Amino acid sequence: MKTAAERDKGLSLSLGAPGRAALGAAIAVVVWVLGDHVLPRGLPLGIVLQGAMFGSLYALVALGLVLIYRANRVINFAQAELGGVAAVLAIEFRLRLGWNYFLAIAAGLVMAVVLGGLIEILIIRRFGGAPRLIVAVATIGLAQVLNGFSVQIPVEWNGALKAAQFTTPFSAHFQLYPVVFDGNAVLALVVVPVVLLALTAFLRFTDYGVAIRAAAENGDRARLLGIPVRGLSTLVWAIGGFLSALAILLRVPLLGFASFTSVSSGGYTLLLYVLTAAVIGAMTSLALTAVAAVGLGVVQSLGAWTFSNSTYVDALLLLVILAALLVKRERFNRAVESGVGTWRALKEVRPIPAELRTLPEVRTGLLVLRALLLVGVLAFPFVASPARSQLAALILIYGMVAVSLVVLTGWAGHLSLGHWALVGFGGAATGTLLVAHGWDLFLAVPAGALVAAGAAFLIGLPALRISGPFLAVTTLAFAVTSSSFFLRHRFVPWFVPDFVPRPSLWDRIAFGSDRGMYFVCLGALVLVMMAARSLRNSRTGRVLIATRDNVPGTQAMSINTTKAKLTAFAISGAIAGAAGALYVLHQTAFKSDAFSPDISLRLFSMVVIGGLSSLPGAILGATFIKGAEFFLRGGWATIASGAGIVGLLLVLPEGLGGFLYVIRDGALRWVANRRGLVVPSLVADVRVETEEAPVALDLALAGLVRRPTGEITGGDGELVGVPRPAGAVGVPVTSGAVDG
């Protein structure tokens with residue numbers, strides 16, 4: 001008996017290409033006739049053609065995304081910006097230098113091809129042995145770097161670009177009710193189909209195209225057959241750069257320069273449509289991806305025509321992505337299991353060895369460092385200006401959100417690109433309860449945290465079936481949907497407040513000043529840090545780490561991994577919600593524009609730069625990002641954020657927090673040498689640390705059923721009942737808590 005896939009394949013072969021095209025055209029005609037009679041304003045052909053035009057531009061970017069995924073098994077979150085720098089330079093050549101239009105376009109496309117290839121050679125290839133999820137994180141950094149340069153180049157070149165400056169040199173136009181198509185639209189309608197047909201012919205009939213498809217199906221077999229897989233990967237990235245730049249150069253005359261940048265929510269809406277089309281195509285089918293992109297463009301234009309805006313359509317994209325991922329979850333989960341979604345590259349921070357913890361110089365050093373830190377943070381608002389105190393309070397709030405991401409991403413292994421939306425949910429709930437319902441502050445803040453925890457719990461439900469970078473797609477969709485719909489007073493006025501004054505604590509202590517707000521945020525951050533550290537030292541924390549590293553092995557120990565995943569989302573959301581409550585009090589207002597999706601990306605940058613599993617690193621990352629935004633203007637702050645991600649992943653994967661612990665371990669080695677002590681955990685070489693990795697899960701799980709502290713050592717520090725890697729002597733196994 002044939003399976004459904006075999007029946008579909010047989011039907012496809014029996015119809016043939018002309019038959020499939022005729023069937024698709026017939027379905028499209030039926031849908032148009034029904035829509036034209038059912039919808040309140042009908043479905044004019046002009047709206048359909050306009051939507052197909054914008055959808056074809058989505059298709060260009062989406063096809064580049066799918067090609068790169070098939071070649072490298074990585075979701076390229078920088079695809080929308082991959083050709084941005086080259087496209088902006090081409091526009092500048094045309095506007096500032098007066099180049100011929102066609103010469104400027106050709107130069108831009110050539111630069112996009114070269115830049116795409118260089119990115120693969122210089123950056124992506126360096127991550128050849130890394131987990132694919134780490135490569136996806138690197139593309140997030142690349143997206144910020146490329147976007148920053150795209151924004152900054154026009155500014156440095158004597159002023160910013162204006163929407164109406166760059167146009168095509170064609171005056172042809174025609175009208176199809178109710179849309180008038182000018183020369184810019186005519187060029188897009190002609191060029192995109194030609195490019196799509198050329199790409200199809202290249203992949204089907206040329207040696208390089210056949211080799212690309214073969215390498216995408218089975219890279220190892222392609223290598224055995226002598227196919228240059230690395231060179232083909234470079235070619236694919238070059239094609240991706242070409243398609244991205246072409247889409248931008250055709251889109252800017254239609255919608256303006258900001259239509260592709262991620263500085264505005266419009267840029268993230270573009271990325272969301274592209275990702276939706278790619279997910280519908282299962283990240284593998286180019287034809288289905290292109291059709292889905294065109295269909296989404298039509299639906300977007302139809303939403304704008306029917307409701308006078310496309311916000312409702314944007315909100316539905318989250319449901320479309322979830323449905324597509326869940327329907328095809330087996331295919332995506334196989335990709336995750338093959339290494340796409342693993343966090344095994346993360347290195348846990350080791351506590352101070354027990355042999356040194358009680359030494360006077362170590363205890364004194366820790367006491368002095370903590371005293372200096374305490375004096376510094378308490379004295380800062382008294383010596384700093386009000387503006388700097390306000391910035392410091394904002395950094396503390398961002399630090400709280402970064403801690404929540406450490407819990408979810410660093411410890412539980414779930415990639416979230418929509419965490420700032422949870423901050424917005426917590427802030428909106430707290431502000432509404434304070435202003436509209438007169439709640440006490442100490443009741444409103446926990447309520448806001450619970451609302452955010454509930455939203456995070458709902459986001460976490462797909463994580464039971466979807467993981468790795470594919471879950472990141474859903475969280476990005478949540479961020480875009482929230483910023484354009486759920487956190488807008490226009491659509492949900494009962495939930496989104498306006499002005500949120502700062503109430504007095506216990507009706508006696510006012511914190512209306514910047515100094516008072518600083519101390520409130522400092523106290524909240526200290527409480528959050530203490531709670532997170534206790535969580536990491538607890539059984540729940542060890543379950544999160546074990547689930548992150550090996551789900552089947554954890555389940556074999558009769559541990560409920562479903563409960564662990566949802567717990568991580570809820571705890572992380574509660575912390576983010578509490579930070580949101582402080583944020584609206586800090587701003588004394590709820591501004592919907594302050595919750596755009598690009599901030600979620602900067603938040604993720606904080607924890608990557610600080611160190612995904614390090615609590616102190618989260619604070620360092622928040623300081624780095626907010627400091628860059630304060631001292632750097634325009635695109636330079638975005639460049640610094642993205643370059644921090646890429647650079648640290650290449651040079652120091654543990655982040656700034658890991659660098660601090662490297663310095664700490666160096667000082668501890670000096671103390672050990674001075675005392676004549678041999679501490680194996682401080683002198684273990686890289687080979688031994690690499691060999692310890694396979695037993696990390698065994699040690700973590702053993703800690704769940706042994707001592708509450710997680711230590712499984714004998715009297716002399718030898719491991720008890722756990723296989724010891726060769727060359728390791730007396731390695732103490734702890735819960736991984738950051739002690740000092």
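The values are calculated or read from the model by the stated rules, or taken from the named source; none is laboratory data. Source: prediction; values computed, not measured. Don't worry about glycine lacking a Cβ; one is built from the backbone with ideal geometry, like all the others, and counts go over all protein chains shown.
Annotations
- The residues listed here are Val451, Val480; of these, the one that is at pLDDT 90 or above and buried (at least 23 other Cβ atoms within 10 Å of the Cβ) is Val451.
- Residue under evaluation Pro503, criteria (1) in a loop (DSSP other than H, G, I, E, B); (2) at pLDDT 85 or above, criterion not met: (2)
- Residue in segment 547-560 that is assigned by TED's automatic domain parsing to the domain that holds Asp598, within 23 Å of the chain's Cα centre (by Cα) and charged (D, E, K, R) present: yes
Conditions (1) in contact (Cβ under 8 Å) with a residue 40 or more places away in the chain; (2) β-branched (Val, Ile, Thr); (3) surrounded by 19 or more Cβ atoms within 10 Å (Cβ to Cβ), marked per residue:
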residue	(1), (2), (3)
Ile91	yes, yes, yes
Ile105	yes, yes, yes
Leu122	no, no, no
Arg125	yes, no, no
Val137	yes, yes, yes
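- Residues satisfying the stated conditions in segment 542-599, i.e. among the aromatic types (Phe, Trp, Tyr) and over 21 Å from Arg488 (Cβ atoms): Phe569
- Answer from Phe630, Phe604 - the residue that is more than 15 Å from the chain's Cα centre (by Cα), outside the structural domain of Glu156 (by TED's automatic domain parsing) and assigned to a helix (DSSP H, G or I): Phe630
- Being closer than 26 Å to Leu522 by Cα and assigned to a helix (DSSP H, G or I) is not true of Gly647.
- Per-region count, segment 170-186, residues at pLDDT 85 or above and in contact with a helix residue (DSSP H, G or I) (Cβ under 7 Å, 6 or more places away or on another chain): 6
- A Cβ distance below 8 Å, combined with a sequence gap of six or more or placement on separate chains, defines the contacts here; from segment 39-59, residues that are farther than 17 Å from Ala80 by Cα reach residues that are in a loop (DSSP other than H, G, I, E, B) in the pairs Pro44/Tyr177; Pro44/Pro178; Leu45/Tyr177; Gly46/Tyr177; Gly46/Pro178; Ile47/Pro178.
- Segment 387-402 residues that are at pLDDT below 90, paired with ones that are part of a helix (DSSP H, G or I) and crowded, with 24+ Cβ neighbours inside 10 Å (beta carbon under 6 Å, 6 or more apart): Ser389/Tyr518
- Hits in segment 174-207 (condition: in a helix (DSSP H, G or I) and either loosely packed, with under 15 Cβ neighbours inside 10 Å or polar (S, T, N, Q) (or both)): Asn184, Val190, Pro193, Val194, Leu197, Ala198, Thr200, Ala201, Phe202, Arg204, Phe205, Asp207
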